[in-house]
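Visitor: Can you keep this structure in mind? I'll have questions shortly.
The values are calculated or read from the model by the stated rules, or taken from the named source; none is laboratory data. Being a predicted model, the structure only gives us computed values, none of them experimental. FYI the Cβ positions are ideal-geometry reconstructions off the backbone, even for glycines, and counts take in every protein chain you see. We work out accessible area using only protein heavy atoms, side chains counted, and drop any ligands, DNA or RNA first. Shrake-Rupley method; radii C 1.70, N 1.55, O 1.52, S 1.80 Å.
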Amino acid sequence: MADKINVKLLLELRKANMSQRAIAASRHISTKSVASVWKRADDLGVSYADVADKSDDEVYLLFFPDKFRKETVYEPVNYEYVHTELKKTGVTLKLLWQEYKDGVKDGVTVGYTKFCDDYTKYVEQNDLTNHIAHKPGVVCEVDWSGKTMRLHDPEEGKVYPVYLFVAALPYSQLAYVEPCLNMNEQTWINCNIHMFEYFGGVTLRVVCDNL
């Protein structure tokens, strides 16, 4: 597949004056592969500066057009863009995959599973920090919120502290919040019951902080 050799990254490492042997060792590829990219770059007269604004697939296509066409039957995905967008709040791989699908008018799009698998490969090959991978229905995260609220009782003239029970499903980011007048064991149990009633089901695990 085209993602086995990240041509753009190899050109960037060459610019940093890394040797072929050092690059091969750090990227877990053969020195022959590195040498073939460098030779092709010399033949084309292309340096990293010439391709810095291009995606990985665009650079690979420039260097090895025949090989790219044989290996790639899907419309390419810009995983640099995907990785950048994932840093934004509320953005998920599912949303980015749908955006990619909607943007392809003609051609074959990759399925969601391949989209996620190829993104994982991209992260590993480029030593990038990835988001924690979550699966639907597996984990529910629960805790008491760090900040308390206050309830004013105008009849008694009293102010009561209000504690927030907070729960979230990390895959869908669906949240449940319940205000409570105490944090005792029975209240905690009741909140968990209400939480699952709200979600309409239970997860395999409930993960809480140091309560």
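Visitor: Using a 1.4 Å probe and ignoring any ligands, DNA or RNA, find the accessible area of residue 135 and quote it in Å² to the nearest 10.
Guide: Accessible area, nearest 10 Å²: 150 Å².
Visitor: Please grab the % of Cα pairs in the chain that end up more than 25 Å from each other.
Guide: Numbers: 12561 of 22155 pairs.
Result: 57 percent of Cα pairs exceed 25 Å.
Visitor: Got a number for carbon plus sulfur as a percent of the chain's accessible area, 1.4 Å probe? Mind dumping the intermediate values first?
Guide: Working: 7330 of 13730 Å².
Carbon with sulfur: 53 percent of the solvent-accessible area.
Visitor: Another question about this same structure. Among the listed pairs 67/121; 32/101; 101/147; 15/101; 39/87; 88/135, give every one whose C-alpha distance is greater than 31 Å.
Guide: Values: 67/121 20 Å; 32/101 36 Å; 101/147 41 Å; 15/101 35 Å; 39/87 36 Å; 88/135 19 Å.
The pairs that break the limit, which is 31 Å between Cα atoms, are 32/101; 101/147; 15/101; 39/87.
Visitor: Please report the spacing between the Cα centers of region 138-208 and region 18-54 in Å, no decimals.
Guide: 54
Visitor: OK, next. Tally Lys and Arg at +1 and Asp and Glu at -1 over the other residues with C-beta under 14 Å from the C-beta of residue 161: what net charge comes out?
Guide: On the way: positive: 147, 150, 158; negative: 153.
Within the 14 Å Cβ shell, the charges total +2.
Visitor: Let me ask something else about it. Please compute the per residue accessible area over the chain with all protein chains in place, 1.4 Å probe, rounded to a whole number of Å².
Guide: Details: 13730 Å² over 211 residues.
Ligands and nucleic acids excluded, the figure is 65 Å² per residue.
Visitor: Then there's this: Just from its helices, what would the mean residue ellipticity at 222 nm be for the chain, if runs of 4 or more DSSP H residues each count -39500 (n - 2.57) and the sum is divided by every residue, rounded to the nearest 500 deg cm²/dmol? Don't skip to the answer; put the middle values down first.
Guide: Numbers: 10 runs with 97 residues, N = 211.
Mean residue ellipticity at 222 nm (helix-derived): -13500 deg cm²/dmol.
Visitor: With a ≥ b ≥ c taken as the square roots of the eigenvalues of the C-alpha gyration tensor of region 167-211, please select rounded if a/c is under 1.5 and otherwise prolate if a/b is larger than b/c or oblate if it is not? Could you put the intermediate results ahead of the total?
Guide: On the way: a/c = 1.77, a/b = 1.52, b/c = 1.16.
Taking the square roots of the gyration eigenvalues as a ≥ b ≥ c, region 167-211 is prolate.
Visitor: Also: For residue 148, tell me the accessible area in Å² from a 1.4 Å probe, rounded to the nearest 10.
Guide: Spelled out: residue 148, probe radius 1.4 Å, area about 80 Å².
Visitor: Something else about it: What is the percent of Cα-Cα separations in region 79-154 that go past 14 Å? Before the final figure, lay out the partial values.
Guide: Working: 2032 of 2850 pairs.
I get 71 percent for the Cα pairs in region 79-154 exceeding 14 Å.
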